[in-house]
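Chemist: Quick one: the structure is below, and I'll ask about it shortly.
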Amino acid sequence: MIQRNDSTGNEDRYRVLVQAVTDYAIYMLDPSGTVTSWNAGAERFKGYSSGEIIGQHFSRFYTDEDRKNGLPARALEISEREGKFESEGWRIRRDGTRFWAHVVIDPIRDPSGKLTGYAKITRDLTERKKAEDELRKSQEQFQRLVQGVTDYAIYLLDPDGTITSWNSGAEHIKGYSADEIIGQHFSQFYTPEDRERGSPQTALETAAREGRVEREGWRVRKDGTRFWSHVVIDAIRGEDGTLLGFAKITRDITERKKVQESLDQAREALFHSQKMDAIGKLTGGVAHDFNNLLMAVLGSLELLRKRLPDDPQMLRLLDNAVLGAQRGASLTQRMLAFARRQQLDPKPIDLVELIMGMQELLERSLGSRAIIETKFPLSLNQVMADESQIELALLNLCVNARDAMTDGGTILISAREEHINQSHKAGLAPGHYVCLSIADSGQGMDEETLARATEPFFTTKGVGKGTGLGLSMVHGMMEQIGGRLVLKSRKGEGTTAELWLPVAAAASDLAREQIILTEETIDAAPLRILAVDDDALVLLNTAAMLEELGHTVAEAHSAAAALDLLEEQPFDLVITDHAMPKMTGLQLFDAIKDKWPNVPVIIATGYAELPGAREMKILNKPFTEHELASAIASFSSAV
Ligand SMILES: Nc1ncnc2c1ncn2[C@@H]1O[C@H](COP(=O)(O)OP(=O)(O)OP(=O)(O)O)[C@@H](O)[C@H]1O
Ligand SMILES: [Mg+2]
């Protein structure tokens, strides 16, 4: 309320002051609402000069609508009754345009308290209102945007981590509706393990300290299921730096993680198979050459034995040399097996029978601390494999099992049949298999050992104890027969080795032709034999053996040289190496069959996978004089 000041000097000064103010419209009304004074500010905002407006009713500044609603009269009434009227609203300028006004109306009374008029102060807040409106609009838009996002959970937390807002993405990903979750603490999205570790609190602290955290981890949905999430938490601070809360954006990247993982696995598997392949080639190459060398050594030693005087000391030395060379030969045999280049003789095998037949051998090899238990179904299909190689594999696996059980224990050998349809995780081709499993309760293997166990020469048994070729041989042999070795193990939890063996198809039950070797001496008529080998040492050895057997031998260092010799003179038999440069033994065989169909050919090889269909004899390297003799005998009887 304004009291009228009777001091004229004061009033003048007051009038001058009011007149000069241009940022506020300041004017007076008489008790009925007629304008009685007008300042520069009023003129500026409303566009009327004082001459035009003094004497007019103030309601003309109001919009038609406000006037219709009786707002001007009510404003005066409120001001008179309550001592002040204050409001904001649209007002009209002289030119008809609108402006947003902040209005205060004070009643003016004389000393006796009688109402003499009103003082009205109006401010033009159009600019501020526009800014406020725009802010509100952009906030609303932002809200709508955030709400509309369904692929991201976007929500706010107060400084303590209590949820204060929730968008539809959050509902979509986490399963809670806004009503359910606002007001709850955000730590409930974490796994119990993470909560125990204090992860939610640490995340907020880090965000508060560094402004932002970005993490990936498991989170829990309302229904308890887990998803792999990518989370960003931003700290929100006021202008003065106080922490207002956090903005949290979460994405469900479970699918991406899964894809990434299977990609990694595939890459790992590819790398592993490439590595094994490379090692296989190397091992196979080395083994093949060593095989030839050992053959020369063994062959020569055998010949030497016949010529040696009967001196026990010399014989012992000779026996030693033979033993050493034989051990080397068995090593190269295992290496060839790993490289899948072993000569195999697959036949249908009854596994139960085979294992029962191995009982004594196993008991003898394993000692008394390891007990073998078996568990087989009542009937088990026969499998297609090389019998002696399967025996060797079983023996290897059982010895490994025993070695892993330092305090003794039980080795369980069991079998089951399975049909593999499409993709088997061990990469088996679809088909019908018998899975023969050898399980121990030993020390097991850590991840690295398990990954490397089938690598040739990988052993943890120490120098001189293990060759590291046991599992390599089993692995290579299984691959070669179209099966698979699968190892399952964990540190401290024992090991299970599975041999996935293809079931023998009915057709392969047909008896197969076999070379029958007998230990009797074989007397054969002397023959003219052509020996072919690119390795001079091996050739010399073969020739020596043949001569020892009483035959006449011609030597050729290549297939081409052999064909030349055949043109020059007749031969009763050709014995040739297979792996030779330019022309292989097999190609030589075909060339001979073409031109000299009646000359029998023996192919000596350390390699597998020679097609068996042709009528040729295959002699496995290294061979003894006796094996050579029986191979020749089987022909000369046919010739
Ligand atoms: N049943 C098993 N339990 C625990 N570890 C095993 C088992 N079988 C194999 N291993 C691990 O795998 C390695 C390789 O086995 P592999 O049979 O190829 O060679 P080795 O047994 O060491 O030597 P060798 O077979 O020539 O005696 C072993 O040294 C061992 O560390
Ligand atoms: Mg072993």
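The values are calculated or read from the model by the stated rules, or taken from the named source; none is laboratory data. For clarity, every value in this text was computed on a predicted model and none was experimentally measured. Note that each Cβ is placed from the backbone with ideal geometry, even for glycine, and that neighbours are counted across all protein chains shown. These area figures cover heavy atoms from the full protein model, side chains too; ligands, DNA and RNA do not enter into them. Shrake-Rupley method; radii C 1.70, N 1.55, O 1.52, S 1.80 Å.
Chemist: Could you tell me the calculated FRET efficiency between residue 493 and residue 416, based on Cβ-Cβ distance and R0 = 25 angstrom, to the nearest 0.05?
Modeler: 0.75
Chemist: Pulled fully out, how much extra length does the chain show between residue 73 and residue 256, if you take 0.36 nm times their separation in residues and subtract their Cα-Cα distance?
Modeler: Stretched out fully, the residue 73 to residue 256 stretch lengthens by 59.0 nm.
Chemist: Next up: Excluding residue 180 itself, what net charge comes from residues whose Cβ is under 14 Å from its Cβ, given Lys and Arg +1 and Asp and Glu -1? List each step's numbers first, then the result.
Modeler: Details: positive: 174, 221, 222; negative: 171, 179, 223.
Surrounding charge for residue 180 is 0.
Chemist: So what is the relative contact order for the chain, in percent, with contacts set as C-alpha pairs under 8 Å and at least six apart?
Modeler: Taking the mean separation of contacting Cα pairs over the length of the chain, I get 8 percent.
Chemist: Still on this model: How much area per residue is accessible in the chain when the probe is 1.4 Å and only protein heavy atoms are counted (Å²)? List each step's numbers first, then the result.
Modeler: Numbers: 34780 Å² over 639 residues.
Here the per-residue accessible area is 54 Å².
Chemist: Summarise the accessible area of the chain (1.4 Å probe, protein heavy atoms) by the percent that is carbon and sulfur.
Modeler: C and S fraction of accessible area: 52 percent.
Chemist: Ok, one more. Explain nothing, just the number: dipole magnitude of the chain about its Cα centre with +1 on each Lys and Arg Cβ and -1 on each Asp and Glu Cβ, in debye rounded to the nearest 20.
Modeler: Magnitude of the dipole: close to 3380 debye.
Chemist: Taking the Cα centre of segment 1-110 as origin and charging only Cβ (+1 Lys, Arg; -1 Asp, Glu), how large is the dipole, in debye to the nearest 20?
Modeler: Dipole size: approximately 260 debye.
Chemist: Tell me, what HN-Hα J-couplings in whole Hz come from the Karplus equation 6.51 cos²θ - 1.76 cosθ + 1.60 at θ = phi - 60° for each residue of segment 551-563, using x for Gly and Pro?
Modeler: With coefficients 6.51, -1.76 and 1.60, one gets 8, 9, 10, 10, 10, 10, 8, 7, 5, 4, 4, 5, 5 Hz.
Chemist: Turning to a different aspect of this structure: Could you sort 191, 254 by their accessible area in this structure, using a 1.4 Å probe and putting the largest first?
Modeler: 254, 191
Chemist: Restricting to lysine pairs 8 or more places apart or on different chains, what number in segment 219-320 have Cα atoms under 29 Å apart?
Modeler: 7
Chemist: A follow-up question, please. Along the charge dipole of the chain, pointing to its positive end and built from +1/-1 on Cβ of Lys, Arg, Asp and Glu, which listed residue (365, 274, 629) has its Cα farthest out?
Modeler: 274
Chemist: What is the list of residues in segment 541-571 whose amide nitrogen lies under 19 Å from a point 7 angstrom out from the Cα of residue 587, following Cα to Cβ?
Modeler: 556-567
Chemist: Okay, next question. Report the label-to-label distance for residue 82 and residue 596 in nanometres (one decimal), using points 7 Å from each Cα along the Cα→Cβ vector.
Modeler: 12.9
Chemist: Quick one: which of 162-172, 477-487 comes out on top by average Cβ neighbours within 10 Å, and what's the full order, highest first?
Modeler: Going from most to least packed, we get 477-487, 162-172.
Chemist: Order of 215-222, 460-467, 80-87 by packing, highest average Cβ count within 10 Å first?
Modeler: Values: 215-222: 15.4, 460-467: 11.1, 80-87: 13.5.
Descending mean neighbour count gives 215-222, 80-87, 460-467.
Chemist: Put +1 on the Cβ of every Lys and Arg and -1 on every Asp and Glu Cβ in segment 133-242; which of 148, 162, 235 then has its Cα farthest towards the positive end of the dipole?
Modeler: 148
Chemist: Here is a follow-up. Working with all protein chains in place, sort 240, 564 by solvent-accessible area computed with a 1.4 Å probe, largest first.
Modeler: In descending accessible area the options line up as 240, 564.
Chemist: Can you list the HN-Hα couplings for segment 129-139, worked out from phi with the Karplus curve (6.51, -1.76, 1.60; θ = phi - 60°), rounded to whole Hz and with x for Gly and Pro?
Modeler: These are the phi-based 3J(HN,Hα) values: 4, 4, 4, 5, 4, 5, 4, 4, 4, 5, 5 Hz.
Chemist: For segment 443-449, take each phi angle, set θ = phi - 60°, evaluate the Karplus expression 6.51 cos²θ - 1.76 cosθ + 1.60, and give the result in whole Hz per residue in order, putting x for glycine and proline.
Modeler: Taking θ as phi minus 60°, the curve returns 6, x, 10, 7, 4, 5, 4 Hz for segment 443-449.
Chemist: What length, rounded to one decimal in nm, is gained on full extension from residue 114 through to residue 345, with 0.36 nm per residue of separation minus their alpha-carbon distance?
Modeler: Contour length minus Cα-Cα distance gives 70.3 nm.
Chemist: So how tilted is helix 199-210 from the main axis of the chain? Cα-based, degrees 0 to 90, rounded to 10.
Modeler: Once rounded, one gets 60 degrees.
Chemist: Please give the length that would be gained between residue 323 and residue 30 if that part of the chain were fully extended, namely 0.36 nm times their separation in residues minus their C-alpha to C-alpha distance (nm, one decimal).
Modeler: 92.1 nm
Chemist: Let me ask something else about it. Pull up the cross-link candidates among the lysines for residue 129, meaning alpha carbon to alpha carbon under 16 Å and not fewer than 8 places away within one chain.
Modeler: Straight-distance partners of residue 129: 137.
Chemist: Keeping all protein chains in place and using 1.4 angstrom, which order do 488, 375 fall into by accessible surface area, from largest down? Intermediate results must be reported in sequence, preceding the final value.
Modeler: Numbers: 488 95, 375 130 Å².
Largest accessible area first, the residues go 375, 488.
Chemist: Looking at the square roots a ≥ b ≥ c of the eigenvalues of the Cα gyration tensor of the chain, which shape do they give, rounded for a/c under 1.5, prolate if a/b is larger than b/c, or oblate?
Modeler: prolate
Chemist: Also: Take the Cβ-Cβ distance between residue 180 and residue 277 as r, set R0 to 45 Å, and report the resulting FRET efficiency rounded to the nearest 0.05.
Modeler: Numbers: r = 57 Å, r/R0 = 1.26.
After rounding to 0.05, the efficiency reads 0.20.
Chemist: Using Cα-Cα distances under 8 Å and only pairs 6 or more residues apart, what relative contact order does segment 221-285 have, in percent?
Modeler: Details: 45 pairs, mean separation 16.3, N = 65.
With pairs under 8 Å counted, the relative contact order is 25 percent.
Chemist: Ranking request for peptides 54-60, 379-385: highest mean number of other beta-carbon atoms within 10 Å first, then the rest in descending order. Walk me through the numbers before you get to the answer.
Modeler: On the way: 54-60: 15.0, 379-385: 19.6.
Final packing ranking: 379-385, 54-60.
Chemist: Report the net charge of residues surrounding residue 263, where surrounding means a beta-carbon distance below 13 angstrom and charges are Lys +1, Arg +1, Asp -1, Glu -1. Please list the in-between numbers first.
Modeler: On the way: positive: 256, 257, 258, 267; negative: 255, 261, 264, 268.
Its environment carries a net charge of 0.
Chemist: Roughly how big is segment 449-497's charge dipole about its Cα centre, with Cβ charges of +1 (Lys, Arg) and -1 (Asp, Glu), in debye to the nearest 20?
Modeler: Here segment 449-497 has a charge dipole of around 200 debye.
Chemist: May I ask what percent, to the nearest 5, of DSSP beta bridges between residues of the chain are antiparallel? Before the final figure, lay out the partial values.
Modeler: Values: 81 of 106 bridges.
Here the share of antiparallel DSSP bridges comes out near 75 percent.
Chemist: Here is a further query. Say the dipole of segment 251-298 comes from +1 at the beta carbon of Lys and Arg and -1 at that of Asp and Glu; which of 285, 263, 296 then lies farthest toward its positive end?
Modeler: Sorting the options by dipole projection puts first 263.
Chemist: Roughly how many Å² of residue 114 are accessible to a 1.4 Å probe, to the nearest 10?
Modeler: 130
Chemist: Give, as a single signed number, the net charge of other residues whose beta carbon lies under 10 Å from the beta carbon of residue 169, with Lys and Arg counted +1 and Asp and Glu -1.
Modeler: Working: positive: 174, 251; negative: 151, 171, 252.
Once all neighbours under 10 Å are counted, the net charge is -1.
Chemist: What's the FRET efficiency of residue 564 with residue 540 using the Cβ-Cβ distance as r and R₀ = 22 Å, to the nearest 0.05?
Modeler: The calculated FRET efficiency here is 0.65.
Chemist: Excluding residues fewer than 8 places away in the same chain, name every one of the lysines whose C-alpha is closer than 22 Å to that of residue 130.
Modeler: Correct list for residue 130: 46.
Chemist: Further question on the same structure: Cut-off under 19 Å on the C-alpha distance; same-chain residues fewer than 8 positions from residue 68 excluded. Which aspartates and glutamates are left, in chain and number order?
Modeler: List returned: 77, 88.
Chemist: Shifting gears a bit: From the helices alone, meaning DSSP H stretches of at least four residues, give me the mean residue ellipticity at 222 nm for the chain, per-run term -39500 (n - 2.57), in deg cm²/dmol to the nearest 500.
Modeler: Taken over the chain, the calculation gives -13500 deg cm²/dmol.
Chemist: Next up: What is the distance in Å between the Cα centroid of segment 344-377 and that of segment 248-271?
Modeler: 43
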